[in-house]
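Below: one structure, written as structure tokens.
The values are calculated or read from the model by the stated rules, or taken from the named source; none is laboratory data. Please read all numbers here as calculations on a predicted model, not as lab measurements. When we count neighbours, we look across all protein chains shown, and the Cβ atoms used for this are built from the backbone with ideal geometry, even at glycine. What goes into the accessible areas is simple: the full protein's heavy atoms, side chains included, and nothing from ligands, DNA or RNA. Shrake-Rupley method; radii C 1.70, N 1.55, O 1.52, S 1.80 Å.
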Amino acid sequence: MRRLITAIALLVLVLASCFGCRWKLAGLSETLAAQVESYSTLAWQGDPGAAEQTLKDAQNVWQANRTFLGAVLPHTELDEVEKLFATARQAAENGDLSECRLRAAELKARLRHLPEREEPSLANIF
């Protein structure tokens, strides 16, 4: 009986940590996507300096959570997001408004896709 209780407790602990990671990843993803949307809006309004600063802030949030992200996401996903951050920053530095919006849309889509990969669904299992 003691083994059964221990097994159930471990199962509950693992499930809770999985849902906790999913919840934290979803919150982080939405925060970053909102910052990238702000970057896109500022770039479109013709303020590349503020846009670049907003993107730097988003990238700092990404870097601050790099350990957590490295534990729950494949490294190819992390590399792809970091490349998108770099290209978006380059577009802001160049002052190319249409390129800023394009890169922001790509980055925002990738960020919003991250929690979907960890969604407990049949599509992600098979």
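A few points about this structure:
- Only one entry in ALA105, ALA92, ALA86 is under 19 Å from LEU55 (Cβ atoms), hydrophobic (A, V, I, L, M, F, W, C) and without any contact (Cβ under 8 Å) to a residue 12 or more places away in the chain, namely ALA86.
- Look at (1) open to solvent by less than 20 Å² (accessible area, probe 1.4 Å); (2) more than 14 Å from ARG110 (Cα to Cα) and you find that GLY46 fails only one, number (1).
- Subset of region 55-95 [more than 14 Å from LEU42 (Cβ to Cβ) and not in a helix (DSSP H, G or I)]: ASN65, LEU73, PRO74
- Pairs with Cβ under 8 Å, 6+ apart, first in region 10-26 and within 9 Å of PRO115 (Cβ to Cβ), second acidic (Asp, Glu) and not in a helix (DSSP H, G or I): ARG22/GLU118; ARG22/GLU119; LEU25/GLU118
- Among the residues of region 93-126, the ones that are modelled with pLDDT of 90 or more, of a type in the set (A, V, I, L, M, F, W, C) and either under 22 Å from ARG22 (Cβ atoms) or surrounded by fewer than 12 Cβ atoms within 10 Å (Cβ to Cβ) (or both) come to 3 in all.
- Among the residues of region 59-92, the ones that are among the aliphatic types (A, V, I, L, M), open to solvent by less than 60 Å² (accessible area, probe 1.4 Å) and within 26 Å of CYS18 (Cβ to Cβ) come to 6 in all.
- Residue count for region 49-68 under the criterion of being hydrophobic (A, V, I, L, M, F, W, C) and over 21 Å from SER38 (Cβ atoms): the result is 1.
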